[in-house]
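Worksheet for the structure shown next.
Values quoted throughout were computed directly from the atomic coordinates according to the rules given, and no laboratory measurement underlies them. Since the model is a prediction, treat every value here as computed from it, not as a measurement. Counting neighbours? That spans all protein chains shown, and the Cβs are built from the backbone with ideal geometry, glycine included.
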Amino acid sequence: MSRMATRLRNAGFAMLLGLFASSAFAQSTAEFINDASAKGIADIEASRLAHQKSESKEVKDYTIVVINDRTTANQHLAKIAKQLDLPVAPREEVVDKAKTLMPEVKDGTTFDQAYAASQVKTTQEAIEQLQREAQTTDVPEIKAFAEETLPKLQNHLQMAKALQAGR
């Protein structure tokens, strides 16, 4: 076989592997909704805990924004799932998954620092997940959800970074 034919065959093989790999990592719309909902619940619960434990006005103000925005986002995801008649996980299963996703945050003087750091990390991950889904989905409702939710998450990230810098 000529070198050119070998190169073409190898390039074609590499392209096929890439396509299989990207489809293997792509989530179905129902999987995305379940995963994003679980992460939202974890964020809400971590923020509720922070609201109770923190003495910082800035942290408490931040937690209220996160709780409200993430609750609204989860309600929107539930509405999308219902509109699309998607099989979604039972609430108990999503809550159980959320519990495993909740960051472990220490008590005492380092609580606010640990909470702010975990919020920076989890919010960055949520933004990346939503951007990835918005780029790969062909579901208009998910694209619209991303357009509505991304600016709020980017605001959360900016606020979390400010909390982290201020601690």
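Observations on the structure shown:
- Calculated P(r) of the range 110-166 - Cα pairs past 14 Å, %: 55 percent
- Judged by the mean number of other Cβ atoms found within 10 Å, the most tightly packed of the peptides 31-43, 133-145, 58-70 leads the ranking 31-43, 58-70, 133-145.
- The stretch between Q124 and S28 holds 32.4 nm of extra length on full extension. This uses 0.36 nm per residue minus the Cα-Cα distance.
- Local net charge near Q129, Cβ-Cβ under 9 Å (Lys/Arg +1, Asp/Glu -1): -2
- Between Q83 and Q131, the modelled labels are 2.5 nm apart [label points 7 Å from Cα along Cα→Cβ].
- One chain, two ends: K152 and Q113. Fully extended at 0.36 nm per residue, the span grows by 11.9 nm beyond their Cα-Cα distance.
- Summary of packing: across the peptides 121-130, 78-87, 48-57, the per-residue average of other C-beta atoms within 10 Å ranks them, highest first, as 121-130, 48-57, 78-87.
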